[in-house]
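The values are calculated or read from the model by the stated rules, or taken from the named source; none is laboratory data. Just so we're clear, the structure is a prediction, and the values are computed from it rather than from any experiment. Reconstructed Cβ throughout: ideal geometry from the backbone, glycine too, with neighbour counts over all protein chains shown. The area values use the complete protein model at the heavy-atom level, side chains included, leaving out ligands, DNA and RNA. Shrake-Rupley method; radii C 1.70, N 1.55, O 1.52, S 1.80 Å.
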Amino acid sequence: MEKLRCCGNFLESSKPYFAMISLQFGYAGMNIITKVSLNRGMSHYVLVVYRHAFATAVIAPFALLFERRGQPKITFPVFMQIFILALLGPVIDQNFYYAGLKYTSPTFSCAMSNMLPAMTFIMAVMCRMEKIDVKKVRCQAKIVGTVVAVAGAMLMTLYKGPIVELFWSKNIHPKQSNATDTTASTDKDWVKGSIFLIIATLAWASLFVLQAKALKTYKNHQLSLTSLVCFVGTLQAIVVTFVMEHKTSAWQIGWDMNLLAAAYAGIVTSSISYYVQGMVMKKRGPVFATAFSPLMMIIVAIMGSFILAEKIFLGGVVGSILIVMGLYSVLWGKHKENKEKEVEEEEIPEPVKAIQANGNNTILLIGDIEANEVELQKAEANNKLSAVAIAVPMQESHIIKTNQDQK
């Protein structure tokens, strides 16, 4: 029985790890499939439309089923919040990310996306949602991590370096490349793609910062908020696509890789991943969920070398290491901040308990055992008081005074 209990406890505690690892494989598959689709000529504007149309079709039924009651009223300020969130997420973030993915590589794009915590920290400071105290170690870790992550991104953007041959990919890379990766046009595309990825990460970070306010309105209706953002984002993406894509043939999609890319991205990364990541964050917190993102980069690097014959450059490797170091430095600072908040919440005194002593005399008991014993003795010796004032041990000491004449 004890062995069964130990196995059960182990499986229960391992669920968040298995969930996040599986999620990283799902994200990695999205990057590989999307890259193949973009290489075959699919417009990233059309891909964004179909992706969020699939996501809306999947999430909306669950929102209607589980969150039908108590829906918040969609006032004009609430609608503007949803409109801006849809503009930042489905439109700006996804379009620039897919454009950057098209010009660079899946591994490079995943490495750039690891800048998200550092970018979010910068946006939070600019919006005065994050306070900086340079004397505290956790704030120093956030600042240093942000600087290191940005330095890694700049290195990846401006320096490619020689090709790094992986031991399993020496015989995979074709030799008939005609040195296309060394041409000036390719280098320009690489820098352009890097800039697109940085813009996408900034939009994603802005989405997280602004989403905090929207979640206050939709605190118990997160599925509804996600479905509304995806729906409004789909409409916005359609308008953008009509402006940018003038060929009607760009909208054509069949039973091919283009359909798989749109359905996979909409169902897996915009629907299932939302639910799984939300459940993990409730149990283990946002820092735990974010800490697994570098694993996606490793999985994509391995899959990309096999499936796409992707070339990995020295600048990308060094920059990725710097970004991951900066990522964990920021996450460590955030973890320490959360621990400090938990300690502050634990310092709140216990609820006031009232007991009867000597007939009609009432004594208020709060937290401090020694003080309560002293006050009980005083109450027994003095029957004139019906209530006793007790000091509460807090950082800012307050005294609850209750003086009432005996009837």
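When K192, K170, K175, K213 are checked against the criterion of being at pLDDT below 80 and part of a helix (DSSP H, G or I), a single residue qualifies: K213.
Among the conditions (1) of a type in the set (A, V, I, L, M, F, W, C); (2) part of a helix (DSSP H, G or I); (3) open to solvent by 80 Å² or more (accessible area, probe 1.4 Å), I74 misses just one, which is (2). The residues of region 1-19 that are open to solvent by less than 50 Å² (accessible area, probe 1.4 Å) and either at pLDDT 85 or above or of a type in the set (K, R) (or both) amount to a single one, A19.
Of the residues that sit in region 52-71 and are outside any helix (DSSP H, G or I) and open to solvent by 30 Å² or more (accessible area, probe 1.4 Å), which one is nearest to D93 (Cα to Cα)? Top of the filtered list is Q71. Only one of the numbered conditions (1) touching a helix residue (DSSP H, G or I) at 6+ places or on another chain (Cβ under 6 Å); (2) modelled with pLDDT under 85; (3) of a type in the set (A, V, I, L, M) is violated by M257, and that is (2). If only residues of region 215-230 that are surrounded by fewer than 20 Cβ atoms within 10 Å (Cβ to Cβ) and touching a residue at least 40 places away in the same chain (Cβ under 8 Å) are counted, the one that is nearest to the chain's Cα centre (by Cα) is Q222. Scanning region 287-314 for residues that are closer than 28 Å to I143 by Cβ, surrounded by 20 or more Cβ atoms within 10 Å (Cβ to Cβ) and more than 15 Å from the chain's Cα centre (by Cα) yields one hit, M297. Inspection of region 232-239 finds a residue satisfying the criterion of being surrounded by 15 or more Cβ atoms within 10 Å (Cβ to Cβ), at pLDDT 90 or above and farther than 27 Å from F66 by Cβ. From the list A55, A124, A118, A60, the one residue that fits, being touching a Ser or Thr at 6+ places or on another chain (Cβ under 8 Å) and closer than 21 Å to L331 by Cβ, is A118. Here G254 meets each of (1) surrounded by fewer than 20 Cβ atoms within 10 Å (Cβ to Cβ); (2) part of a helix (DSSP H, G or I); (3) over 19 Å from the mean Cα position of the chain (by Cα) with one exception, condition (2). Any residue at all in region 318-335 that is more than 24 Å from Q140 (Cβ to Cβ) and surrounded by fewer than 18 Cβ atoms within 10 Å (Cβ to Cβ)? Looking for residues that are more than 24 Å from Q140 (Cβ to Cβ) and surrounded by fewer than 18 Cβ atoms within 10 Å (Cβ to Cβ), one finds none in region 318-335, hence no. Considering only residues that are among the hydroxyl-bearing types (S, T, Y) and open to solvent by less than 20 Å² (accessible area, probe 1.4 Å), look in region 81-106 and name the one that is nearest to S194 (Cα to Cα). Residue satisfying both the conditions and the ranking: T104.
Among the residues of region 20-42, just one is over 27 Å from the mean Cα position of the chain (by Cα) and open to solvent by less than 30 Å² (accessible area, probe 1.4 Å), namely M42.
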